[in-house]
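The values are calculated or read from the model by the stated rules, or taken from the named source; none is laboratory data. Bear in mind the structure is a predicted one, so any value in this text is a computation, not a measurement. Every residue, glycine among them, receives a Cβ derived from its backbone with ideal geometry; neighbour counts consider all protein chains shown.
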Amino acid sequence: MKSYKTVNGLRRSIASLKAQGRRIAFIPTMGALHEGHISLVRMAVQDGCEAVVSIFVNPSQFNNQEDLAHYPRMPEKDSQLLVRAGCSLLFIPSVEEVYPPGLDVSLHIDLEGKDQVMEGVFRPGHFKGMLEVVKRLLDIVEPDFLYMGQKDFQQYSLVAHMLRMLNLSPVLRIGETLREPDGLAMSSRNLRLTPEFRQKAPVIFRALNHARAQLPLIPVSKIQEECLSMIAAEGLKPEYFELVDGNSLTAVSDPARHPNVVACVACWAGAVRLIDNLVLKP
Ligand code: AMP
């Protein structure tokens, strides 16, 4: 695996792979890699692509400065994991390399309200920063495929929307959410959980499964109420538990009228904010 801090170095390496007829798969990350990230790299390699991974803790997508300051950083360990997973190129740029002075990265896209619900309500500005960095990284890497995780459902929905609106060529591929044996979705932020909250956090997945089991049986409002109570009963502080249409991200009240329904949840486990989701239908 070759590692680059500069756009020019990375681009030269990618150009040489493309000249050999290789297909490029891009996996953007913020590092502190776990099996969830690595599964995306393995998918890309199995699909016959050269995997290009970026590690960049993007300041513009953090609405909470505490979260940014405490975001785990462990580039050496990440690098070892990526080598083992078969990653070809690692891009680990500085903030100045991604946002050189004078470059306007702002986007002007109608997001059709998809950025105004769930994470958009509780993390103002997050999706603007996220889309800007993904677009900037896509401009740098120019991949054939973009791999993202189901874990960040709203994030990839917005990225898919951006790809469509801007007619960008990369094909988006989604990897399933990898979980710990007790059901907790793998996340870099799990490293910051206290032992007490780590033990309680699997209630999030239990609540999502409860929602799936109850969907055909009781009204959506009752499901939400029960799932929020389950989470709160463990001492976690839920921000939302929403059942949304998988395409429009609008709230679902009558599941029979929606072909895709996804339950999405965000909650605080002490000082750590966790998100998760589960496809309830189909
Ligand atoms: P992050 O480093 O948190 O920005 O995540 C980078 C990519 O890895 C995103 O596309 C995430 O959706 C994906 N990802 C994060 N956690 C998981 C997980 N538990 N399972 C699968 N993919 C994940």
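Summary of values
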| quantity | calculated |
| --- | --- |
| Test result for Val133, within 11 Å of the ligand (Cβ to nearest atom), within 26 Å of Arg22 (Cα to Cα), touching a Pro at 6+ places or on another chain (Cβ under 8 Å) and modelled with pLDDT of 95 or more | yes |
| Candidates Leu163, Leu193, filtered to the one that is out of contact with any helix residue (DSSP H, G or I) (no Cβ under 8 Å at 6 or more places or on another chain), touching a residue at least 24 places away in the same chain (Cβ under 8 Å) and more than 10 Å from the ligand (Cβ to nearest atom) | Leu193 |
| Qualifying residue in region 133-156 (condition: touching a Leu at 6+ places or on another chain (Cβ under 6 Å) and within 30 Å of Gly270 (Cβ to Cβ)) | no |
| Subset of region 48-77 (residues that are closer than 22 Å to Ile140 by Cα and more than 17 Å from the chain's Cα centre (by Cα)) | Gly48, Cys49, Glu50, Ala51, Pro75 |
| Some residue of region 136-146 being in the same structural domain as Arg12 (by TED's automatic domain parsing), within 10 Å of the ligand (Cβ to nearest atom) and aromatic (Phe, Trp, Tyr) | no |
| Region 94-121, residues that are touching a strand residue (DSSP E or B) at 6+ places or on another chain (Cβ under 9 Å) and surrounded by fewer than 15 Cβ atoms within 10 Å (Cβ to Cβ) | Val121 |
| Region 243-273, residues that are under 26 Å from Asn63 (Cα atoms) and buried (at least 20 other Cβ atoms within 10 Å of the Cβ) | Leu243, Val244, Leu249, Val262, Ala263, Cys264, Val265, Ala266, Cys267, Ala269, Val272 |
| Hits in region 40-68 - residues which are of a type in the set (Val, Ile, Thr) and within 13 Å of the ligand (Cβ to nearest atom) | Val41, Val53, Ile55, Val57 |
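Results for (1) more than 19 Å from Arg192 (Cα to Cα); (2) within 11 Å of the ligand (Cβ to nearest atom); (3) not assigned by TED's automatic domain parsing to the domain that holds Lys151, shown as yes or no for each residue.
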residue	(1), (2), (3)
Ala25	yes, no, no
Gly31	no, yes, no
Ile38	yes, yes, no
Tyr71	no, yes, no
Gln80	yes, no, no
